[in-house]
Amino acid sequence: MIRPPVRSTTWLYARAAPALRPPGDFGKKRTGRPSNQSMRPEAGMSRSPRGRKACLALGLVGAVLLFPGQSVSSTPSEESPTPRLNLLLVTIDTLRADRLSCYDESHVRTPAIDALASRGTLFARAFAHVPLTLPSHASLLLGTTPLGHGVHDNLNFVVIEEFTTLAEYLRDQGYRTAAFVGAYPLDARFGLAQGFEVYDDQYQRRFNVKPSTLERRAEEVVARAVEYLERAASPWFVWVHCYDPHLPYDPPEPYRGRFAENPYDGEVAYVDATLARLFGRLEALGRDKDTVIVLTGDHGEALGDHGEESHGYFAYNECLWVPLIIVAPGGEPRRVAEPVGHIDVFPTVCDLLDLERPPFLRGRSLQAALRGRKAAPEPIYFESLDPYYSKGWAPIRGFISGNEKFIDSPIAELYDLGRDFGETANLASSDEIGPYRRRLETIVEKHSSPAGGSARRAPDREILEKLRSLGYLGGPGASGKESFSAADDVKTLLPLLTKVQQATALYGQGGKGEAVTALREIIHQRKDFSPAYVALGTLLAGDRKAPEAVAVMEEGRANLPSNYEIYSHAIKFLSQAGRADDLLRLFNPGAFREMDYDSGIWVLAGLAHFQKKQLDEAVEALEKALSIDARDPQAHFFLGEALEMKGLAGKDPGLLVKATEAYKRSLESDPEYPAPYFYLGRLYKMTGKPYEAIHLWKKAVELNPAFEQPLLALGQTYLELKDGRNALAYLNALKSRFYPAYPPARKREIDALINQAMALPIR
Ligand SMILES: [Zn+2]
């Protein structure tokens, strides 16, 4: 391996960073209480076939299954004579603290959240530990930083079963638990559903939309939460997650018009107005008097600060600083100036709900601060490792302690937040950062080690094995490098990413040649810069130049053999180029840890096997995809196709029944997916149900008027049913769209069918 010249590397870079320690005390008793979770991605009560799937299918009956609380009349706890407090946790995604008027009056008015703040404690300096959705929520709900829970990134990590989440903890204390989440990064399959009796992550799936971009509006999330709250028996824990301020910024009217210049602010105003309904309903139910409310953001949004557009790269305050408001019944309104972190929420909640704090927590309780006393000062650990894991850039880790903020990376940074909260003047000089790095090492140690000195114990071998297999113990990043230099620093590389994005935009605006030249130039400059390959390949593939895209990824793979983004795009473009043989040659199930979380790559492998008529292998790959993401509409559809082909070849009616089920499940996930309607209809026709088939084919044509096969099938079937008028209508529709492109023999066939239809008496 060729290593770049290493300048000023420290312990962090000298090791395979991030060298994570195994979390010791997992908190969860591994025997006794049965868990409703398994490692299987469809785990979680609402994801079980009897749970949510049934809800989908059964409609009305589903509502009963969804809200177990409703059947239980208000039963106060047997142990405590006083009624116990409920807990409402509201997380707003991608919310900069300065966009709430209770924090900063210069942007948006947020009256609902301001009113909440006026009743409780506003933490003026609260910080997320990671600028990303899943790891940040994991920190909130597990009371540990990523060093403890091991989730460093969206999509490629899961919260393992061994940990105890706040929901599990409260459920075990007799709480009813329910979560209503707004977007795919928090899908139940990533493990945060543990402990929630209801985990409502029902955003609409789309066969042609990347699942990672799926979201639903706050009003939908809040409506579902309100529906639950109206029936829930106390005590309950309800978590509401509003995703709206996340990209794309597209608030509904009237916010769209009102904030045309600042749609991000419009999203914040919209969420605030939507939350007004939630808080209002809580009050109307009288629940405001016995409910602790915690409102926070999972991370901020850069909006151009420090040259970053969104979030997930840097660890500056625009992305780490979040609002935190805690309202406890009977509390006085206050503002707390000391820095606090997300991991402080779990222990604080324990105190407020009068529950013992479990030993695995790494944060401190803020209850003293809520009562106007000083909270014990604690340094706040943070990290940003997505660039490390997905692109192979240098890791970022650091801490905030009082007014000091230290960001460790090859080009280290030090800020005085008291004078320079916007982090404009880096005070770090290379000869002074040694002590800061040593302090960071101590903090990392503390957040990684088992809680409570006496409770120190090594995790057992089984758990260690599991963590190792999940990549928790500091597996290599996408570059495979063990040491990093200034050239790998996110500060060095993010401007290059901006150039890539500019080239992509230029391509879209018609400057194709220039865009390709610009991307080529970047690759020439930095052969290890994966986003340039991915962008160039994606542009070419989108322009029906899949073979060229494949060539770009080949080049990328030669330079970056351990980069999963490059690898997965190589697979994708081989699929688009129709090169099933090459795809299967490249596809190696053990090659990357990320493959265990990526259903899409298994769908592509399944499809390639299908094209090669390797039906058993196709079924196996598609079932693997579904074991990762049980709601993938394409995986269900292609599985149906493979099973149908197997069933027809082997004359096995059992397989045809399974194929029918697979098509139905595909439509359950995405009712607007045209293909399964056609295939399902064909199976109905085959089994002597022409009218059911007609119904489904009409739906397919309605969704895609240029869908040739159902048009023909409808014409032929109406002909068989001696319905000349309908037969003619569909055959003519087919003719008008496709006739010119047909070879002569096909044209004659269609004409013959039309003549037959015309010969039928008009009914
Ligand atoms: Zn987020």
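The values are calculated or read from the model by the stated rules, or taken from the named source; none is laboratory data. This structure is a prediction, so every number in the text was calculated from the model and none was measured. Here the Cβ is made from the backbone with ideal geometry for all residues, glycine too, and neighbour counts use every protein chain on show. Each accessible area value is taken on the protein alone, full model and side chains, heavy atoms only, with ligands, DNA and RNA left out. Shrake-Rupley method; radii C 1.70, N 1.55, O 1.52, S 1.80 Å.
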Legend entry - Nonlocal amide H pairs with Trp239, under 5 Å, H built at 1.01 Å: Leu89, Ala178, Ala179, Phe180
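Figure the gain on full extension for Ala233 and Ala706 (residue separation times 0.36 nm, minus the Cα-Cα span) and round it to one decimal in nm.
165.1 nm
Please sort 134-145, 350-361, 573-584 by packing, taking for each peptide the average over its residues of neighbouring beta carbons within 10 angstrom, highest first.
Going by the mean number of other Cβ atoms within 10 Å, highest first, we get 134-145, 573-584, 350-361.
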Legend entry - Cα-based shape type of segment 673-763, given that a ≥ b ≥ c are square roots of the gyration tensor eigenvalues and the cut on a/c is 1.5: oblate
Inset, instruction - Quick one: what are the phi-derived ³J(HN,Hα) couplings along segment 558-564, Karplus 6.51/-1.76/1.60 with θ = phi - 60°, whole Hz, x for glycine and proline? - result: 4, 8, 9, x, 9, 9, 6
Inset, instruction - Would you calculate, for the chain, the mean residue ellipticity at 222 nm contributed by helices, counting each DSSP H stretch of 4 or more residues as -39,500 (n - 2.57) and dividing by all residues, to the nearest 500? - result: -13500 deg cm²/dmol
Legend entry - Cβ-based net charge around Leu134, under 10 Å, with every Lys or Arg adding one and every Asp or Glu removing one: -3
Legend entry - For Glu404, residues with placed amide H under 5 Å, excluding near neighbours: Leu417
Inset, instruction - With a probe of 1.4 Å, find how much accessible area the chain has per residue, and write the answer as a whole number in Å². - result: 41
Legend entry - Mean-position separation - Cα centroids, segment 145-199 and segment 295-345, in angstrom: 20
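State the percentage of accessible surface on the chain attributable to carbon and sulfur atoms; use a 1.4 Å probe and exclude ligands, DNA and RNA.
With neighbouring chains kept in place, the figure for the chain is 53 percent.
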Inset, instruction - For segment 363-380, just list the computed ³J(HN,Hα) in residue order, Karplus coefficients 6.51, -1.76 and 1.60, θ = phi - 60°, integers in Hz, with x standing in for Gly and Pro. - result: x, 10, 6, 9, 4, 4, 4, 5, 9, x, 9, 7, 7, 4, x, 9, x, 9
Legend entry - Estimated inter-spin distance, Asn588 and Tyr742, nm [label 7 Å along Cα→Cβ]: 4.9
Legend entry - Neighbour-limited loop hits for trypsin sites (Lys or Arg not before Pro), segment 340-403 (at most 15 other Cβ within 10 Å; DSSP other than H, G, I, E, B): Arg371, Arg373, Lys374
Inset, instruction - Search the structure for amide H atoms under 5 Å from the amide H of Val292, placed 1.01 Å from N in the peptide plane, and list their residues when 5 or more places away or on another chain. - result: Asn86, Leu87, Leu88
Inset, instruction - Note down the accessible area of Arg171, probe 1.4 Å, to the nearest 10 Å². - result: 50
